[in-house]
Amino acid sequence: MRTLVLNAGYEPLAVVSFKRALVLVMNGKATIVAQDDEHPVWGSGRPWDRPSVIILRRYVRIPSGRNVPVSRRGVLRRDAHRCGYCGASANTIDHVMPRSRGGADSWENLMACCLKCNNKKGDRTPAEMNWQLLIKPRVPHGSTWLVRGVEQAEPQWDEYLPAAAVAA
């Protein structure tokens with residue numbers, strides 16, 4: 001069981017184990033906002049609420065200038081696992097400008113791609129194939145991209161995450 005950690009501004013900061021969250025609550029550093037009532041934590045003296053969402057008592061600012069590292073999982077998440085060429089379900093990534101022609105491993109040059117389109121495109125550009133991009137590859141933004149673990153959100157977190165993070 002995982003716990004979503006929010007700052008005082010209700011922005012997601014991290015995803016931690018329920019044990020770490022319970023320690024923060026017991027030490028007075030956080031408050032439980034939502035708990036899992038069906039699975040309490042049994043202590044030596046009494047049961048404790050199992051935290052699902054906690055909020056830190058002191059404000060923690062999210063650094064806005066942090067870059068999101070490029071990853072295969074991140075590209076697929078950004079593109080909602082949809083092929084940027086045909087719209088089918090995607091399980092691979094493709095370099096819009098092939099690496100053999102100087103294409104970089106960057107957010108602006110990578111997109112989700114189905115295996116069929118990836119094999120058909122090969123070492124060519126979309127222009128050479130007379131293909132149009134369905135999406136424009138771009139750097140993802142927003143605080144949810146800086147929080148690891150949010151891509152597999154628990155149902156109790158929905159009201160505390162932006163709609164884009166829940167849909168991803």
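Among the conditions (1) at pLDDT 95 or above; (2) within 30 Å of Ile32 (Cα to Cα); (3) of a type in the set (A, V, I, L, M, F, W, C), Val60 misses just one, which is (1). Entry remark, region 1-20: residues being modelled with pLDDT under 85, among the hydroxyl-bearing types (Ser, Thr, Tyr) and under 12 Å from Pro51 (Cα atoms) number 0 in total.
So which residues in region 87-129 are assigned to a strand (DSSP E or B) and either surrounded by fewer than 17 Cβ atoms within 10 Å (Cβ to Cβ) or in contact with a helix residue (DSSP H, G or I) (Cβ under 6 Å, 6 or more places away or on another chain) (or both), if there are any at all? Don't jump to the end; show me each part of the working.
Restricting attention to region 87-129, the residues satisfying the condition of being assigned to a strand (DSSP E or B) are 89, 92-95, 110-113.
Selection gives Ser89, Thr92, Ile93, Asp94, Leu110, Ala112.
The values are calculated or read from the model by the stated rules, or taken from the named source; none is laboratory data. Quantities reported herein were computed from a predicted structural model and do not represent experimental measurements. Backbone-built Cβ (ideal geometry, glycine too); neighbour counts: all protein chains shown.
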